[in-house]
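Have a look at the structure below, then the notes.
The values are calculated or read from the model by the stated rules, or taken from the named source; none is laboratory data. A quick note: this is a predicted structure, and the numbers were derived from the prediction, not measured. Positions of Cβ are generated from backbone atoms using ideal geometry, with glycine treated the same way; all protein chains shown enter the neighbour counts.
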Amino acid sequence: MDLGLKGRRAAVAAASGGLGFAAAAALVAEEAHVVICGRDKSRIDDAAAQIGHGCVPLVCDISDVGDDDVESAQATEALGGLDIVVANNGGPPAGTFASTPVEAYHPALDLNLMSVVGMCKAAVPIMRDHGWGRFVAITSVSVRQPMATIILSNTARAGATAFLKTVATEVAADGVTVNTIQPGFHATDRLTSLYGNSPDAIALGVPMGVLGDPTDFGAIVAFMCSAQAAFLTGVQIHVDGGAYSGLL
């Protein structure tokens, strides 16, 4: 299926690996012009080279809220405009209520909430002016069903979800869609950093019995950015192999 993304201009945050990389690669496969950002120059340059097809690397730390504007401005300059933003970020350190000090919440909120606010503030007005745009944030299924030992991520990403739901209603009439996609357990370095090198054991908690493939996840992101998804806004889609057990 042609997703209608040929020539569209996209910026993908935190795309040197994992789900961000997969999302960028999927957009490039649909012939979008893509800028990717990451904190480490060597890693983001290598990721852009792997993706190929003119993918442009930028060095940017989205946990520094001021860098959100920088990323969008540089992406807009490099691409001549901006139609799509995939907001993505790494997760804060693991911890429980008892083990996590109050001062740890501020950097977690900057990383997983305020970075999304900043990217929205920088990019969505550009999209509204053009009358077309897609803003997709990669969060976590923990927003629906909080996970043990990642209280910082649970808290910050829930705030980001509420923020994006609100923005979606405000810009819906302007041709701009705003959605979140909530991954469960996928085969990424982030999963290894949280749970160690035991993918088979982790997969036992997934009804499908396997970890998610980042490439498949990237394809879902690309669809959410597509022409066909024009009437899809303000939603949170969980991609978790059936792990979430709620009805809503």
TODO: Would you check which residues across segment 47-57 are surrounded by 15 or more Cβ atoms within 10 Å (Cβ to Cβ) and out of contact with any Gly (no Cβ under 8 Å at 6 or more places or on another chain) and list them?
DONE: 48, 51, 55, 56
Task: Filter result for residue 129 (closer than 26 Å to residue 233 by Cα, surrounded by fewer than 18 Cβ atoms within 10 Å (Cβ to Cβ) and out of contact with any His (no Cβ under 9 Å at 6 or more places or on another chain)) - done: yes
Open item on the list: Please verify whether residue 167 is in contact (Cβ under 8 Å) with a residue 12 or more places away in the chain, farther than 27 Å from residue 101 by Cβ and surrounded by fewer than 22 Cβ atoms within 10 Å (Cβ to Cβ), treating the condition exactly as stated.
Closed with: yes
Open item on the list: Looking at segment 202-225 only, could you name the residues that are of a type outside the set (A, V, I, L, M, F, W, C) and closer than 30 Å to residue 133 by Cα?
Closed with: 212, 213, 214, 215, 216, 218
- [ ] Look at segment 73-108 and say how many of its residues are surrounded by 20 or more Cβ atoms within 10 Å (Cβ to Cβ) and modelled with pLDDT of 95 or more.
- [x] 8
Task: Yes/no for residue 173 being over 19 Å from the mean Cα position of the chain (by Cα), within 25 Å of residue 10 (Cα to Cα) and either of a type in the set (A, V, I, L, M, F, W, C) or modelled with pLDDT under 95 (or both) - done: yes
Task: Set 14, 29: member being in contact (Cβ under 8 Å) with a residue 40 or more places away in the chain, surrounded by fewer than 20 Cβ atoms within 10 Å (Cβ to Cβ) and hydrophobic (A, V, I, L, M, F, W, C) - done: 29
TODO: Residue by residue through segment 183-201, note down the ones that are farther than 13 Å from residue 22 by Cβ, within 22 Å of the chain's Cα centre (by Cα) and modelled with pLDDT under 90.
DONE: 185, 191, 192, 193, 194, 195
Task: Answer from 38, 7 - the residue that is among the small types (Gly, Ala, Ser) and surrounded by fewer than 16 Cβ atoms within 10 Å (Cβ to Cβ) - done: 7
Task: Condition check for residue 70: surrounded by 17 or more Cβ atoms within 10 Å (Cβ to Cβ), closer than 19 Å to residue 12 by Cα and at pLDDT 95 or above - done: no
- [ ] State yes or no: is residue 138 in contact (Cβ under 8 Å) with a residue 24 or more places away in the chain, in contact with a Leu (Cβ under 8 Å, 6 or more places away or on another chain) and surrounded by fewer than 23 Cβ atoms within 10 Å (Cβ to Cβ)?
- [x] no
